[in-house]
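Written below as structure tokens is the structure these notes are about.
Values in this text are rule-based calculations from the coordinates and carry no lab data. As the structure is a prediction and not an experimental result, all values here were calculated from the model. Methodologically, a virtual Cβ is constructed for each residue, glycine included, from the backbone with ideal geometry; neighbour enumeration extends over all protein chains shown.
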Amino acid sequence: MYRVYIVEDDKGIAEGIKNCLSAWEMEVRIVSDFRNVMTEIEDFSPHLVIMDITLPFMGGYHWCQEIRKTSSVPIIFISSATDNMNIVMAMNMGADDYIPKPFDQSVLIAKVQALLRRTYDFAKGSFELKAAGAILNTNDNTLSYNGEKIELSRNEYRILLTLMENKGKVVSREKLMEALWETDCFVDENTLTVNVGRLRKTLESVGLNDLIKTKFGVGYILEDK
């Protein structure tokens, strides 16, 4: 049974989401203390987090950054802020999807199920991919290099997986966006750029500099040197 943690200060919306997901046999918990979101997440250990941007005390962006310091658990933002700036910022902070309010519950459950399926069911057929001395572990979404093991966010993992599966070949931006969000998630050129930039910084942190090269006007390539 999947566990879903909801961080939403509108009790009506939070209860509506809980009832919707519970009907699909998910274990759902709503935040009880907005000052201690991380403590509750560590206690509940959810498979997915649904979070509003505007919250009491600390906003959703803050908590998303805190979660990403220790976990790659999928995060879906829900918000009445529908401008591109907020959507891009949410992705930049480490979110995996963004659903504007108001939303239909059928859309929410479809996105939740798709994200859970991509994140967890994919790992059942685990294997390793290698390039430039680095090893991508599909079992736990981690990358190993020179004795170091780093945890990748879902988006970082999906981008790197697609590039490593096609190493030595140029991968179009369209193909990477399909790998990230398929047809049921938000797709945006700027969001892809943000996620590739974040992945590059993660790779550079362990000494993998210039592993991903940009082919301007086409896409990206990972060269196995």
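So if R0 is 30 Å, what FRET efficiency would residue 139 and residue 11 give, r being the distance between their Cβ atoms, rounded to the nearest 0.05?
For residue 139 and residue 11, the calculated efficiency is 0.20.
Name the aspartates and glutamates eligible as straight-distance cross-link partners of residue 18: C-alpha to C-alpha under 16 Å, and not fewer than 8 places from it in the same chain.
8, 9, 10, 27, 52, 104
Find the Rg to Rh ratio for the chain, where Rh is the Kirkwood radius over alpha-carbon pairs and Rg uses the same atoms.
For the chain, the value is 0.97.
Could you give the dipole magnitude of the chain about its Cα centre, charging the beta-carbon of Lys and Arg +1 and that of Asp and Glu -1, in debye to the nearest 20?
700 debye
From the C-alpha gyration tensor of region 3-121, pull out the three semi-axes of the equivalent ellipsoid (sqrt of 5λ each), sorted largest to smallest, in whole Å.
So the three semi-axes of region 3-121 are 18, 17, 15 Å.
Taking amide H positions as placed in the peptide plane 1.01 Å from N, state which residues far from residue 223 in sequence (5 or more) or on other chains have amide H under 5 Å from it.
168, 213
As a quick test, which of the pairs 130/201; 175/215; 167/213; 69/201; 101/175; 11/101 have an alpha carbon distance above 21 angstrom in this structure?
101/175
Excluding same-chain residues fewer than 8 positions from residue 149, which aspartates and glutamates have a Cα within less than 15 Å of its Cα?
Filter leaves 128, 140, 204.
Percent antiparallel among DSSP beta bridges with both residues in region 33-161, to the nearest 5?
Of all bridge pairs located within region 33-161, approximately 60 percent are antiparallel.
Could you tell me the calculated FRET efficiency between residue 129 and residue 178, based on Cβ-Cβ distance and R0 = 25 angstrom, to the nearest 0.05?
Once rounded, the FRET efficiency stands at 0.85.
Stretch residue 120-residue 22 to full length: gain in nm at 0.36 nm per residue minus the Cα-Cα span?
Taking residue 120 through residue 22 to full extension adds about 33.4 nm, to one decimal.
For an R0 of 41 angstrom, estimate the FRET efficiency from the Cβ-Cβ distance between residue 83 and residue 146 and round to the nearest 0.05.
My answer for the efficiency is 0.50.
Given just the C-alpha atoms of region 126-222, how large is their convex hull per residue in cubic angstrom?
Dividing the Cα hull volume of region 126-222 by its residue count gives 92 Å³.
Fewest Cβ neighbours within 10 Å first, please rank 144, 172 accordingly.
Placing the least packed residue first, the sequence is 172, 144.
Taking Cα pairs under 8 Å and at least six residues apart, what relative contact order does the chain come out at, in percent?
15 percent
Restricting to DSSP H runs of at least four residues, report the calculated mean residue ellipticity at 222 nm for the chain, -39500 (n - 2.57) per run over all residues, nearest 500 deg cm²/dmol.
The per-residue figure over the chain is -12500 deg cm²/dmol.
Please work out how much length the chain gains when fully extended from residue 204 to residue 62, using 0.36 nm per residue of separation minus the C-alpha to C-alpha distance, in nm with one decimal.
Working it through step by step, the gained length comes to 48.7 nm.
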